[in-house]
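The values are calculated or read from the model by the stated rules, or taken from the named source; none is laboratory data. Only a predicted model underlies this, so the values are computations on that prediction, with no experimental measurement involved. Note that we place each Cβ from the backbone using ideal geometry, even for glycine, and neighbour counts take in every protein chain shown. Surface areas here come from the heavy atoms of the whole protein model, side chains and all, with no ligands, DNA or RNA. Shrake-Rupley method; radii C 1.70, N 1.55, O 1.52, S 1.80 Å.
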Amino acid sequence: MSYFSTNFTLGILGGGQLGKMLLSETLKYDIRTIVLDPSAEAPARFGCHAFFQGDLMDYDTVYQFGKQADLLTFEIENVNVDALERLEQEGVKVYPTPASLRIIQDKGAQKAFYKAHKIPTAPFEAFDSPTLLAAAVAEGRWTYPFVWKSTRFGYDGNGVKIVRNLQDLHALPEGPCIAEQCAEINKELAVIVARSPKGEVVTYPVVEMEFHPEANQVEYVLCPARIAETISSQARKIALQVAEAFGSIGLLAVELFLTKGGEIWVNEVAPRPHNSGHYSIEASYTSQFEQHLRAILDLPLGSTESKVAGVMVNLVGAEGYAGNVIYEHIEDVLSLPGVTPHIYGKRQTRPFRKMGHITITHRDIEQARLLAQRVKETIKVISRQ
C-alpha cells in the first residue's frame, strides 16, 4: 500500500500533545490524518486533515470514526476496546493491537500478565475493593507502607498512593485496586521498544526519570541514564521480553524500577509514544514519533542512537494558578544554549497540568542536567490573576 501523498487515511484516537507531536511526522511524510478527541480545544485539532469531537470511550463514536480510516492508532489508553476489536475484525488495521490494549488498560490484568510470563515486577495482590484490601491488612497479609493503585483510568500520578497508615487506607476511593510492595528504589528507568508487523524490533537507550515528590509526575528525563552498562543491557533485555510477550506493534514504553539491591522490576507500560521519549525529538537520529509511524506502517525502523545527550524538563502548571496560561521568563530560557521548547497549545493551566516540555541537548549529560535545573528554576507556568 502507498501511504505518501495518497488517500490512505491514518486515524488517531486522542488529540492531546502526543497526537500533536505525531502529526508533525505525518505532515513531513504527507500522510492524510483524522483525529478524534473529546475536547474542542484539543492541541492536535490544527495539524490533521479532519478533526472530530467525541467520547473516546463511547462504542459508536469510536466505531464510526474508525470506519473512515485505513489504519488506527491511539495516543491515550482510555479508548473503547470493544469498538477497536470490531473494526479489526472488519479489516481496519489497529496498532497497537486491541488485545494488548485490553490488558494494559487494567493494572491488575497487567500485573497478572507479568507474573504469568515470568517478567520481574513488584509483589502484588488484586482486590475488588478497598474494603477487601483493608481486611487483608487487618489479617496481617499486608503491612504499611505499601502502594495502592486503582486498576483503571490512572494517569500522571493519579490513581496511585502510598498507604502509610489506617487513615490513608480509609481514604482510598472505591473500585478494584491492587496493593503492591514498596520498592526500595535506586533509580526509575524507562526503555522504549519499537516493533513492526514484519517483526523488526529496536530499543532506545535506557533513560533515567526523576519524579516530583508531591505530584508523582516526571520532572526530568535524562538520556543516557547514569547507570552501569550491565544494568543498561539488562533493562533493555527485560523491555524486549515485555514487548515480545505482548506482541506489541508500534511503540511500547516500559517503565522500570532499579532497586537498591540491583534488581530491575517492571512497573508498568504504555503502548504509545511516551513522556520518557520526548528527548528523542532533538537528541536522537529518529524521534519516537517518527519511529511509531514507521513501525505501524511496517516501514524500515530508524536508528535509535543519540546524536547528543538530552534532558527533558516537563512544564507543568504552577501550584496556586488556574486560568489562561502565561509562560513567564520563557525568553530567558530561550537564550540558553541547546534549549528547545515544546508548547502543547493548552490555553488553560491548572496545578501540575502538563503544558509543555523543554529539551536541553549537550555533549555531556551532567552539563545538560545542570542546564535543565536552571531551566526548571527560571520558567514558570502561571495564569493571569
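At a glance:
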{"read-out": "Sorted largest first, extent of the chain alpha carbons per principal axis (Å)", "value": "64, 53, 49"}
{"read-out": "Distance between modelled label sites at K380 and Q53, nm, 7 Å Cα→Cβ extension", "value": "3.3"}
{"read-out": "Area projected by the alpha carbon convex hull of the stretch 185-383, averaged over all directions, nm²", "value": "11.1"}
{"read-out": "Solvent-accessible area per residue, Å², over the chain with all protein chains present [probe radius 1.4 Å]", "value": "43"}
{"read-out": "Cα→Cβ-extended label distance, 7 Å offset, between S2 and A245, nm", "value": "4.3"}
{"read-out": "Cβ-based charge dipole, the chain, positive-most Cα from Y327, Q110, V79", "value": "Y327"}
{"read-out": "Gaussian network model of the chain, springs between alpha carbon atoms under 10 Å - residue of S280, S150, S39 with greatest fluctuation", "value": "S39"}
{"read-out": "Prolate/oblate/rounded call for the stretch 28-127, Cα gyration tensor, a/c under 1.5 rounded", "value": "prolate"}
{"read-out": "Distant-in-sequence amide H partners of V316 (H built 1.01 Å from N, under 5 Å)", "value": "M355"}
{"read-out": "Dipole magnitude of the stretch 9-95 about its Cα centre (Cβ charges: Lys, Arg +1; Asp, Glu -1), debye to nearest 20", "value": "360"}
{"read-out": "FRET efficiency, S232 to R164 (Cβ-Cβ, R0 35 Å, nearest 0.05)", "value": "0.60"}
{"read-out": "Rounded to the nearest 20 debye, dipole of the stretch 301-384 from Cβ charges on Lys, Arg, Asp, Glu", "value": "380"}
{"read-out": "Two-decimal Rg/Rh across the stretch 123-181, once Rg and the Kirkwood Rh are taken from alpha-carbon atoms", "value": "0.92"}
{"read-out": "Per-residue [θ]222 nm for the chain (sum of -39500 (n - 2.57) over DSSP H runs n ≥ 4, rounded to 500)", "value": "-8500 deg cm²/dmol"}
{"read-out": "Contact order normalised by residue count of the chain, Cα under 8 Å, 6+ apart, percent", "value": "13"}
{"read-out": "Filtered GluC sites (Glu not before Pro), the stretch 6-89: DSSP coil and at most 12 other beta carbons within 10 Å", "value": "E41"}
